[in-house]
Amino acid sequence: MGACVDAESPISETPLHIACRFGNIETALLLLVKGANVNASREDGWTPLHLSVVKGHHDISLLLIDQGADVNATTEAGLTPLHLSSFKGHHDISLLLIEWGADVCATTCDGSSPLHRCSTFDHKEFVDLLLSRGAEVDRADESGFTAIHWACQNVHHDVVKALADRKARAETVAVNGRTPLFSACNSTRWDVVRLLIERYVPAIVEHTARQLWNETTPLICLAIHGDSETSRR
């Protein structure tokens with residue numbers, strides 16, 4: 001009796017999952033030729049494509065897509081392959097997924113989009129790619145954070161600039177009451193603070209200054225008012 005190509009492990013992982021995780025394209029191709037389910041999902045919802053994408057295996061990802069893999073398949077957490085490639089920094093795979101119809105505005109269970117992911121991890125080239133393909137620059141996740149919130153919180157100057165160039169709203173207030181400028185001030189990265197102040201209207205500075213006056217130290221208030229020399233002392 002022949003072996004079942006879709007035999008499952010205790011977590012519902014198939015041989016194709018394993019081949020894709022380890023980058024074994026010859027085994028993956030053989031399994032697909034023998035009829036393996038290209039969209040088989042584990043207990044956590046991960047498909048072979050999720051695994052090949054997160055590991056950065058471009059050729060296997062292309063093979064799976066060519067064989068009918070769902071580029072918008074979601075895990076239990078709502079992660080699509082594009083979320084994973086944006087998070088891991090696999091630009092060529094992200095482009096491949098988008099060319100094959102990946103939803104650039106897909107959101108996870110907590111409302112996180114691929115744009116949120118790459119803004120968090122300083123992948124400026126992904127920010128440019130996603131925005132050029134229709135990603136929503138001001139979409140907020142469940143916490144009320146937009147992409148520019150995440151970029152400011154993690155002090156990624158080039159990403160903040162790219163989002164500002166696309167007219168991202170910097171006056172948006174998250175659930176915790178923070179604006180992007182508030183997060184940038186907390187980081188004490190004055191280049192990001194300066195960029196926001198130069199790009200946006202005084203209204204957000206006034207709002208953030210009031211917020212900081214109540215919640216943080218005079219040092220940060222000095223930064224808000226532009227007294228960077230005093231701030232450094």
So, first residue in a loop (DSSP other than H, G, I, E, B) in segment 68-81, second residue at pLDDT below 95, Cβ within less than 9 Å, six or more apart or across chains; the pairs are 79/87
Filter segment 1-29 for residues that are in a loop (DSSP other than H, G, I, E, B) and of a type in the set (Ser, Thr, Tyr); the one that is farthest from residue 73 (Cα to Cα) is 9
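Please go through segment 30-57 and pick out each residue that is part of a helix (DSSP H, G or I), crowded, with 17+ Cβ neighbours inside 10 Å and not polar (S, T, N, Q).
Taking segment 30-57 as the starting set, the residues that turn out to be part of a helix (DSSP H, G or I) are 30-33, 48-54.
Remaining after also requiring crowded, with 17+ Cβ neighbours inside 10 Å: 31-32, 48-54.
Within segment 30-57, 31, 32, 48, 49, 50, 51, 53, 54 qualify.
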Picked from segment 118-139 (must be surrounded by 19 or more Cβ atoms within 10 Å (Cβ to Cβ) and farther than 11 Å from residue 162 by Cβ), the residue modelled with the lowest pLDDT is 120
Here the residues within segment 179-199 that are within 23 Å of the chain's Cα centre (by Cα) and either modelled with pLDDT under 80 or not assigned by the TED database to the domain that holds residue 145 (or both) are 187, 189
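Residues to consider are 65, 60; find the one that is buried (at least 16 other Cβ atoms within 10 Å of the Cβ), assigned by the TED database to the domain that holds residue 34, among the β-branched types (Val, Ile, Thr) and in contact (Cβ under 8 Å) with a residue 40 or more places away in the chain.
Values: 65 fails: in contact (Cβ under 8 Å) with a residue 40 or more places away in the chain.
That would be 60, the only listed residue that is buried (at least 16 other Cβ atoms within 10 Å of the Cβ), assigned by the TED database to the domain that holds residue 34, among the β-branched types (Val, Ile, Thr) and in contact (Cβ under 8 Å) with a residue 40 or more places away in the chain.
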If you go through 95, 181, 115, 163, the only one that is surrounded by fewer than 19 Cβ atoms within 10 Å (Cβ to Cβ), aliphatic (A, V, I, L, M) and part of a helix (DSSP H, G or I) is 95
Only one of 56, 101 is over 17 Å from residue 17 (Cβ atoms), of a type outside the set (Asp, Glu) and over 11 Å from the mean Cα position of the chain (by Cα), namely 101
Given the conditions (1) in a loop (DSSP other than H, G, I, E, B); (2) in the same structural domain as residue 177 (by the TED database); (3) touching a Leu at 6+ places or on another chain (Cβ under 7 Å); (4) not small (Gly, Ala, Ser), every one holds for residue 108 apart from (2)
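Per-residue answers, yes or no, for (1) farther than 23 Å from residue 200 by Cα; (2) not basic (Lys, Arg):
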site: 88; (1), (2): yes, no
site: 97; (1), (2): yes, yes
site: 129; (1), (2): yes, yes
site: 135; (1), (2): no, yes
site: 141; (1), (2): no, yes
site: 151; (1), (2): no, yes
site: 159; (1), (2): no, yes
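The values are calculated or read from the model by the stated rules, or taken from the named source; none is laboratory data. Note that the coordinates shown come from a computational prediction; the quantities given were computed from them, not determined experimentally. Neighbour counts are summed over all protein chains in view; Cβ atoms, including those assigned to glycine, are modelled from backbone coordinates with ideal geometry.
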